[in-house]
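Shown next, in structure tokens, is the structure this report addresses.
The values are calculated or read from the model by the stated rules, or taken from the named source; none is laboratory data. From a predicted model like this one, the values you see are computed outputs, not experimental measurements. Every residue, glycine as well, gets a Cβ built from its backbone with ideal geometry; the counts of neighbours run over all protein chains shown.
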2 protein chains.
Amino acid sequence: MPDHERLPVDHRGSPLAALAALLADPTRAAFCSALLDGRAWTAGELARAAGVAPSTASEHLSRLIAGGLLSEDRQGRHRYVRLASPAVATLIEDLTVFAETGPEAAGATPGGSSAGPARRPGPAPRTLREATRQSAEARARTCYDHLAGRLGVAVAEALLDRGLVSDHAGLAVTERGHAWLAEQRIELPPRAGRPGGRPVVRSCLDWTERRSHLGGALGAALCRTALDRSWVERIGSGRALRVTPDGGRALHELLGVEVS
Amino acid sequence: MPDHERLPVDHRGSPLAALAALLADPTRAAFCSALLDGRAWTAGELARAAGVAPSTASEHLSRLIAGGLLSEDRQGRHRYVRLASPAVATLIEDLTVFAETGPEAAGATPGGSSAGPARRPGPAPRTLREATRQSAEARARTCYDHLAGRLGVAVAEALLDRGLVSDHAGLAVTERGHAWLAEQRIELPPRAGRPGGRPVVRSCLDWTERRSHLGGALGAALCRTALDRSWVERIGSGRALRVTPDGGRALHELLGVEVS
DNA sequence: GAGTCGTTTCGGCCCCTGCCGAACCGTGCC
DNA sequence: GGCACGGTTCGGCAGGGGCCGAAACGACTC
């Protein structure tokens, strides 16, 4: 089943070299780093972000997908691409940590599930400004158009706990969930879930929390609602969010969510 | 401090790409795999093992050292080279596991020996000499600085069975385990488990057995003890080990391990 | 001092690969 | 239907990097 073994390039039968070669190109590495936010990017977005021609990006993406690092999702004339699994995210994260901190520190983090210190994306903060920004983003931020960070994860888990969203063979909004949304006057776009439309609810790997939060039309609607009703507001121009006093009350009443 | 950032090659400022490029060459990858036995090899030995000219090997080694993956130790006309740190070994192990098992399995937990087809490390043996070497290594060998092969797996399971190591939310040495270590006069390095130090115990997927053995500071201490007390000794120049008669008795008495 | 051996440096070869622009294709919108 | 747009394929170009052999260097041996 794994076709990552039949790579076009000849690495003299070294799977290690073949895998490393995928990440050894600055453009492909930039793609992977960008995708570490857990979002799905289109080919064009990645091309622009990395500063290469669309044709170049297309070829790189094909190689990364063939190598099993990325998975694609073609919708209309768009090609959405994301990291293939949390394992890929872990791998890239580990390599980045090593590359930036050197052989001593890397690997000191406890493996897997044990309770390690929250790992930060990107380079370790070198300035106070950078550190506070990262801390704010870990608390609450937008991920494309939905909520992420500790807040996003907490909301996702609350929805699952209360049976508003189910996780049987894929995420879905339950009957109760639809009723709850109507009651709260939160509207999903009409074409959501229809063929060609946006998926209703999607799980999105949360980089800072190592857990998933909710994306898709539902995630977007929740985020839009939270902004519209001033439950959260943006801090500066980045992705970081602040929960307002009103928002704290609303989230607690509606979902039992406590924001730290 | 890190001069791995100033690599001669221009990777457009991507530390990730620069690091991956070091492993993206089959010859360098072969060097690193060979060095995973934790020993110091000379430049010539590595050249022969990888089947390249000494001049080629010399250049590769210089790049690996400049990149922080290897450290060197020049003695007379020999250039001994080894992995720079346990973190490097972990990194290469993780990459190899991912490259050989694909994005799903990587990052698996110790107990998670899914029922996959038994995958062999390199190519099937083509000569008798090669076959006996593989057989010896499957029985007992070093994996960087700890025990692997059937012996390593048996020791790991014995420690778990006897409650000296627990597997609740990550591997850890229990109270009884610490007492047992003290009783056996096996010492862990003082900084083990501290922030920035090496993890005390970590699981390491054993590719000959498809099960996990124990690495980390505990794995290293056990292996060092076994060698110091002549429970095991090296066979030839590879990573294969032989259990001595004394070692067989000791392992049976202390852990109930029977070596086949 | 001559010879051997492990290693390094240098020059040169060649393939591989990343890049782009141009042309092409399919989708979606007006 | 016409047009805009995102993505892909192809040809061609240029640079990088891996490989070797020859020669040089230094260490150890006799």
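Before moving on, here are some points about what is shown:
- B:R82 being more than 15 Å from DNA strand D (Cβ to nearest atom) and surrounded by fewer than 19 Cβ atoms within 10 Å (Cβ to Cβ): yes
- Positions within the stretch B:36-59 being part of a helix (DSSP H, G or I) and in contact with a helix residue (DSSP H, G or I) (Cβ under 8 Å, 6 or more places away or on another chain), in sequence order: B:A43, B:G44, B:L46, B:A47, B:A49, B:A50, B:P54, B:T56, B:A57, B:S58
- Of everything in the stretch B:63-80 that is within 14 Å of another protein chain (Cβ to nearest Cβ) and free of Cβ contacts under 8 Å to residues at least 24 places away in the same chain, the residue that is farthest from DNA strand C (Cβ to nearest atom) is B:S71.
- Those residues of the stretch B:46-62 which are within 14 Å of chain A (Cβ to nearest Cβ), within 11 Å of DNA strand D (Cβ to nearest atom) and under 22 Å from the mean Cα position of the chain (by Cα), in sequence order: B:A50, B:H60
- Within the stretch B:92-112, the set of residues being at pLDDT below 60, closer than 22 Å to B:A154 by Cα and either surrounded by fewer than 18 Cβ atoms within 10 Å (Cβ to Cβ) or more than 8 Å from chain A (Cβ to nearest Cβ) (or both) comprises B:A108, B:T109, B:P110, B:G111, B:G112.
- When residues of the stretch A:23-45 are limited to those that are under 14 Å from the mean Cα position of the chain (by Cα) and either facing another protein chain (nearest Cβ under 8 Å) or of a type in the set (D, E) (or both), the one farthest from A:R74 (Cα to Cα): A:S33
- Residue selected from the stretch B:63-79 under the condition more than 16 Å from the chain's Cα centre (by Cα) and in a loop (DSSP other than H, G, I, E, B), by the criterion farthest from DNA strand D (Cβ to nearest atom): B:G68
- Qualifying residue in the stretch B:202-217 (condition: at pLDDT 90 or above and out of contact with any Asp or Glu (no Cβ under 6 Å at 6 or more places or on another chain)): no
- Hey, B:A20 closer than 28 Å to B:L147 by Cβ, within 9 Å of another protein chain (Cβ to nearest Cβ), surrounded by 22 or more Cβ atoms within 10 Å (Cβ to Cβ) and in contact with a Leu (Cβ under 7 Å, 6 or more places away or on another chain) or not: no
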